[in-house]
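One structure is given here, and the rest of the page talks about it.
The values are calculated or read from the model by the stated rules, or taken from the named source; none is laboratory data. Please read these numbers as outputs of a predicted model, since none were measured by experiment. Here Cβ is always computed from backbone atoms with ideal geometry, including for glycine, and neighbour counts include all displayed protein chains.
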Amino acid sequence: MKKVFITGGAGFIGSHLVDRLLSRDDKVLVLDNYATGRRDNLSPHKNLKVVEGSITEKELVDNLVHEFQPDVVVHAAASYKDPNNWVEDCQTNTTGTAIVLQASQKARVSRFVYFQTALCYGLKPVEQPITLNHPILPRGSSYAISKTAGEDYVHLSGINYVTFRLANAYGPRNISGPLPTFYKRLTTNQNCFVMDTRRDFVYITDMIDCIEKAVDGQGNGTYHLASGKDFSIKELFDYTVLALGNSETAEVKPRNPDDVFSILLDPSRTMQDFDWLPSTGLKDGIKKTIEYYKNYGIEETFTHLKQDV
């Protein structure tokens, strides 16, 4: 049995990891401010304690980590919903990460798991697929700048760590990116368009399979958590329409000058070190995700796409 502290544990990735760890009788402490997490993502459990608050509250974080004495910290909390809110991104993704790391140092936490964005490689990657040797060029977005600074503090901390640079995660509870946006617009009689781009998508349970292994001590250092395959955004839209039983079509628009055609990460080191392969196909994963949206609804979605009203 492990004791795991999960920041952002009511969010998309965090809540799925909470469920997985509770299912094997681990003890879990969650800290979440519900900026993008949902209260109904977590169900009461004898081994779960949920605290509402922010990772920017140093005294709160210090006290929680000191009292809980976790074996592992999984840092899933992040600010990402407003690309123009640089101050919030910096406070949460950089300062907040530093606060969590120093609390973890004091408590002698044995492992720290961090999630980084593939945008750390910039809006114009110089290779496809992107390898772990690609230059770090995060200047294209506030999110990437602040998350990369946070990752640098992970390296500085001296704690044994795994950093996952993520492809596009999707699945139940996801409220960011094109899939929930398509669902919301298709079910509220709004027009849809797709950009002429391709992305690497990983279904959430496949992602959790790998993260669970990191929690248990496998791997060391930096990894790509990705499928190694890219799909067009048009394919994603078509599978969404199929899952809804609709017949809508979407205009394919040329990508913006600052939008890269494909972001494809090389996951070979991850597959080797974690003995991991994603097993959920895009069509099946979208079908499961749409069922969740139908049952639970979507109040708010976040996307970098500029939409026509």
Candidate set from the stretch 99-136 (those that are part of a strand (DSSP E or B) and among the hydroxyl-bearing types (S, T, Y)); member that is modelled with the lowest pLDDT: T117
Filtered residues of the stretch 131-189 (kept if within 30 Å of T249 (Cα to Cα) and surrounded by fewer than 17 Cβ atoms within 10 Å (Cβ to Cβ)): T187, T188, N189
Selection count where residues are in a loop (DSSP other than H, G, I, E, B) and under 19 Å from the mean Cα position of the chain (by Cα), scope the stretch 137-187: 8
Top-ranked residue in the stretch 27-61 [being of a type in the set (K, R), touching a residue at least 24 places away in the same chain (Cβ under 8 Å) and over 20 Å from V215 (Cα atoms); ranked as surrounded by the most Cβ atoms within 10 Å (Cβ to Cβ)]: R38
Whichever residue in the stretch 110-130 is β-branched (V, I, T) and in contact with a helix residue (DSSP H, G or I) (Cβ under 7 Å, 6 or more places away or on another chain) and, among such residues, is surrounded by the fewest Cβ atoms within 10 Å (Cβ to Cβ): T117
Long-range neighbours under 7 Å by Cβ, at least six apart or interchain, first residue more than 17 Å from R199 (Cα to Cα) within the stretch 243-259, second part of a loop (DSSP other than H, G, I, E, B): E248/C192; A250/C192
Any chance F237 is within 30 Å of R139 (Cα to Cα) and either in contact with a Pro (Cβ under 9 Å, 6 or more places away or on another chain) or exposed (fewer than 15 other Cβ atoms within 10 Å of the Cβ) (or both): yes
Selection count, the stretch 283-297, where residues are of a type outside the set (D, E) and surrounded by fewer than 19 Cβ atoms within 10 Å (Cβ to Cβ): 8
